[in-house]
C-alpha cells in the first residue's frame with residue numbers, strides 16, 4: 001500500500017475506461033480521493049474546478065491531448081502549480097522543450113504496472129512537498 005498518497009486528491013484523465021477504472025481503484029485503496037475524466041477538455045474543466053494535488057493524464061486523448069492539457073494548466077495561475085504524471089505509448093519521447101513548457105514531472109510508458117504508477121505518483125507528491 002502506498003501511504004504517501006493518503007489524503008491526496010488526484011485527477012486521472014484517460015479515454016480508456018479500463019485504465020481510469022483500474023488506476024482509480026488502486027489510488028482509492030491507497031487513500032487518495034480520485035476524480036476522473038475521459039478527454040482533455042473534461043480534464044481541464046475538472047482541474048480548474050477541483051484543483052487536485054496531482055494529475056495523471058494520458059498523452060493521447062480526444063478533444064485535447066495530454067500535452068495540450070498540461071500546457072493549459074501551466075498557463076493559468078490557479079493550476080500552474082499542479083504536478084503532472086504523463087502516460088505515453090511505450091517508446092514515445094517528448095522533447096525537453098515540450099516538457100519545459102509544462103509541469104510534467106514524470107513520463108511513464110504504457111503498458112505500466114499500477115505499482116510502478118503509484119510509486120511514481122508518491123514520488124511526485126513528495127518532491128512537490130504536498131502534505132498527504
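The values are calculated or read from the model by the stated rules, or taken from the named source; none is laboratory data. Predicted, not measured: the structure shown is a model, and the values here were computed from it. For neighbour counting, all protein chains shown are included, and Cβ atoms are generated from backbone atoms with ideal geometry for every residue, glycine included.
Of note:
- Filter result for residue 62 (surrounded by fewer than 18 Cβ atoms within 10 Å (Cβ to Cβ), out of contact with any strand residue (DSSP E or B) (no Cβ under 6 Å at 6 or more places or on another chain) and free of Cβ contacts under 8 Å to residues at least 40 places away in the same chain): no
- Of all the listed residues (35, 19, 10), the sole one being crowded, with 22+ Cβ neighbours inside 10 Å and in contact (Cβ under 8 Å) with a residue 12 or more places away in the chain is 10.
- Residues in the stretch 71-91 that are exposed (fewer than 13 other Cβ atoms within 10 Å of the Cβ) and closer than 23 Å to residue 23 by Cα: 3 in all.
- Pairs with Cβ under 6 Å, 6+ apart, first in the stretch 110-129 and closer than 17 Å to residue 16 by Cβ, second part of a helix (DSSP H, G or I) and modelled with pLDDT of 90 or more: 114/26
- Test: residue in the stretch 114-126 that is outside any loop (DSSP other than H, G, I, E, B), at pLDDT below 90, surrounded by 12 or more Cβ atoms within 10 Å (Cβ to Cβ) and under 13 Å from the mean Cα position of the chain (by Cα): no
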